[in-house]
Amino acid sequence: MSDDKPEVEVKIDSLDPDDVAAPLRVDTPFRLIGHGFSKKKIKVYISTDEYGGDKVSEVKVSIEGHTASTDEFLKVIARPEIGAPMGRVLWVAIKLNGKFQDAREGFKVV
């Protein structure tokens, strides 16, 4: 195993749709495709960088509670509020037990 990047338990391979366009103050559903999503204590959020370090607090992301838990995909809903960065491509990031796991580019507030 290489020391370059730590092993992750949750990985985002793609977004469905590939490019998520979320209007201000509107609930926008989309899916994360990958693996490890059935793990407990997952937090999904929007970040300005690929390392998940700069969280965009004006975009609330929640996991759809009524869907069955699966390891390969996760249904989420994003709701951008006033002040969210518009017209800029952002990253959908995920943490497990408070530790950054992965991020995928393709979220835009419109």
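Observations on the structure shown:
- Filtered residue count, the stretch 72-94, keeping only those that are assigned to a strand (DSSP E or B), open to solvent by 30 Å² or more (accessible area, probe 1.4 Å) and under 14 Å from S62 (Cβ atoms): 3
- Counted residues, the stretch 59-79 - those being in contact with a Phe, Trp or Tyr (Cβ under 9 Å, 6 or more places away or on another chain) and farther than 14 Å from F37 by Cβ: 4
- Test: residue in the stretch 25-36 that is open to solvent by less than 60 Å² (accessible area, probe 1.4 Å), in a loop (DSSP other than H, G, I, E, B) and of a type in the set (G, A, S): yes
- Picking from residues in the stretch 7-21 that are open to solvent by less than 50 Å² (accessible area, probe 1.4 Å) and within 13 Å of the chain's Cα centre (by Cα), the one that is farthest from K108 (Cα to Cα) is V10.
- A Cβ distance below 7 Å, combined with a sequence gap of six or more or placement on separate chains, defines the contacts here; from the stretch 74-95, residues that are free of Cβ contacts under 8 Å to residues at least 40 places away in the same chain reach residues that are assigned to a loop (DSSP other than H, G, I, E, B) and of a type in the set (A, V, I, L, M, F, W, C) in the pairs P85/V56.
- Residue tally, condition in contact with a Lys or Arg (Cβ under 8 Å, 6 or more places away or on another chain) and either open to solvent by 70 Å² or more (accessible area, probe 1.4 Å) or not aliphatic (A, V, I, L, M) (or both), over the stretch 95-110: 6
The values are calculated or read from the model by the stated rules, or taken from the named source; none is laboratory data. Small disclaimer: the values here were computed from a predicted structure and weren't measured. Glycine also receives a Cβ, built like all others from the backbone with ideal geometry; neighbour counts cover every protein chain displayed. When the accessible area is computed, the model is the full protein with side chains, heavy atoms only, and any ligands, DNA or RNA have been set aside. Shrake-Rupley method; radii C 1.70, N 1.55, O 1.52, S 1.80 Å.
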